[in-house]
Structures are given as structure tokens and as C-alpha cells.
Amino acid sequence: MHWVPVAALSDNYIWLVADDEGNAFVVDPGEAAPVEAALAERGWTLRAILLTHHHNDHIGGVSDLVARHDVEVYATGDPRIQPKNHFVEDGDVITLESPRATFRVIAVPGHTTTHVAYVGEGFLFCGDTLFSVGCGRLFEGTPEQMLASLDRFADLPGDTLVCCAHEYTAANIRFALSVDPDNGPLRLRRDEVARLREEGRPSVPSRLADEYATNPFLRVDSEAIARWVEAQGKDHATRAQRFAALRQAKDTFNA
């Protein structure tokens, strides 16, 4: 598989993946034009579209792409997502014919109530659920739901590529260091991301193992996170309380 994060809108990434014959699928095309340009540049043919949730910066380009290409569109039954011709739900296994690829559908409510992720072929297409060194805002779900959703990634291989949908890593690292300043892998990630961005390169995908080493939202069981939450005067007895304290702090973090 050949993959490229296609930059779109202000800070989105649209994931475009193809086989050696140039058969491609795309994940969360919030705009059509950047996808069309990437396809034309590489001589690839679009065969399928995978959608994680209904926000317009993830589905805004679907109608135009469907009008120009013979594609299959996979999404949940959420009526806010249109157009689509394949309905998916938690536990489904979808197999694309071209490119030949198989993905398991995982329900991950939190950012929205009907958000899903697709995992397979070494990829985790997680939309706005998991970010590099961060996680999505809770627009429709609860802290308990989002934490449970993130927990569902725990059994995936450590070398799984986390293909999130936004270039938020540098800002996420600044928050993470305010919470977990003695985290050595996190400091190394800060330096790596600074170099990538200075070179004009994306900071993603990341490896799932690296996320578990650096991402505070995946480290709610660590002593460092528990100490930080306690120091903020927040309830910290349960995992959900620690996660909620982190998410609330990130929502207002400005440094």
C-alpha cells in the first residue's frame, strides 16, 4: 500500500491510499479539489471512500467525488452523512476489492455519538477520536464514552499507523508537556515534530506505541497523570475522572 496525507482546509488531512496498480481509497474527504489533484499527480483511480463521522470538514467533498468517480461510500447509518451506499456499524468487517484491503469497524463515540474508526492493513483511521499526542473534543459524547473508545485501541499492534485527521501535534505536545514535563519520549517527540514541521512535512502518521508513551489521554493510569490531576484539585480516584480533568484542561489551554 502507498499512502499520502493530503492537506486540506486549514489543518485537515485526507488520507489517500493506493495499491501498486493505482487503485485508491480515501478517508474523510472534507474537500474534493485536493483529492482530485493528488489523484491526478499520481495517476491513481479512486475506488472507495471511508467516512468516520458527519462533520463537514470530513464529508464536505464526498458529493463532488461521487459525481466524478465510480466509488463505494462506507459510513454509519447517521442521516447527517450523505451520500453513501454501504452502511457500517461496530464489529463489521469490510473488504475493498480495489485496492484489496480489509478493515474492521470500531464504534468510538465521544467526539460525536456515531463516530467510527477503521483498522486494518497496518492502519488506524481514527478521524477525530485519537490525535497524535491528543484526542478529540467532546461535542456530543461524554468523558466516559471517549475514554472507553480510546481503550478499544489498546489491543492493536504497537506499529499500527495512527492516521488522524488534523495537524494538531505541536499544540498537543505543548499541552502534554505542561501535564507530564518529565516524560522523556514526549520531549523527543517535541523535537522530532519541530524538525518535521520546519521541513514542511506532516507530523503524522504516528505509531500507536509512541502514542501510548507520550499521549496523556492514553496515560490516565500513569502516576504522573494522577499526580497532575490531584495537583489541579480535581477528582482523580477513577480513570474517567482523570480523563475528564485532562480534557477540560486541554479545552482551555492557550500556551
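The values are calculated or read from the model by the stated rules, or taken from the named source; none is laboratory data. None of these values were measured; they are calculated from a predicted model. Positions of Cβ are backbone-derived with ideal geometry, glycine not excepted, and every protein chain shown enters the neighbour counts. Heads up: the accessible areas ignore ligands, DNA and RNA and are worked out on the full protein's heavy atoms, side chains in. Shrake-Rupley method; radii C 1.70, N 1.55, O 1.52, S 1.80 Å.
Residues of the range 233-255 that are in a helix (DSSP H, G or I), touching an Asp or Glu at 6+ places or on another chain (Cβ under 7 Å) and open to solvent by 50 Å² or more (accessible area, probe 1.4 Å): 239, 241.
Restricting to the range 219-232, name every residue that is open to solvent by 30 Å² or more (accessible area, probe 1.4 Å) and not in a loop (DSSP other than H, G, I, E, B). Across the range 219-232, the qualifying residues are 223, 227, 228, 230, 231.
Results for (1) closer than 19 Å to residue 7 by Cα; (2) surrounded by fewer than 17 Cβ atoms within 10 Å (Cβ to Cβ); (3) at pLDDT 95 or above; (4) not small (Gly, Ala, Ser), shown as yes or no for each residue.
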residue: 55; (1), (2), (3), (4): yes, no, yes, yes
residue: 67; (1), (2), (3), (4): no, yes, yes, no
residue: 89; (1), (2), (3), (4): no, yes, yes, yes
residue: 101; (1), (2), (3), (4): no, no, yes, no
residue: 108; (1), (2), (3), (4): no, no, yes, yes
residue: 122; (1), (2), (3), (4): no, yes, yes, no
residue: 126; (1), (2), (3), (4): yes, no, yes, yes
residue: 129; (1), (2), (3), (4): yes, no, yes, yes
residue: 140; (1), (2), (3), (4): no, yes, yes, yes
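For beta carbons closer than 8 Å, sequence separation of 6+ or different chains, a first residue in the range 201-230 that is more than 17 Å from residue 171 (Cα to Cα) and touching a residue at least 40 places away in the same chain (Cβ under 8 Å) and a second that is among the polar types (S, T, N, Q) and outside any helix (DSSP H, G or I), the qualifying pairs are 207/160; 208/160; 224/183.
Report whether or not residue 128 is free of Cβ contacts under 8 Å to residues at least 12 places away in the same chain and either within 15 Å of the chain's Cα centre (by Cα) or closer than 22 Å to residue 18 by Cα (or both).
No.
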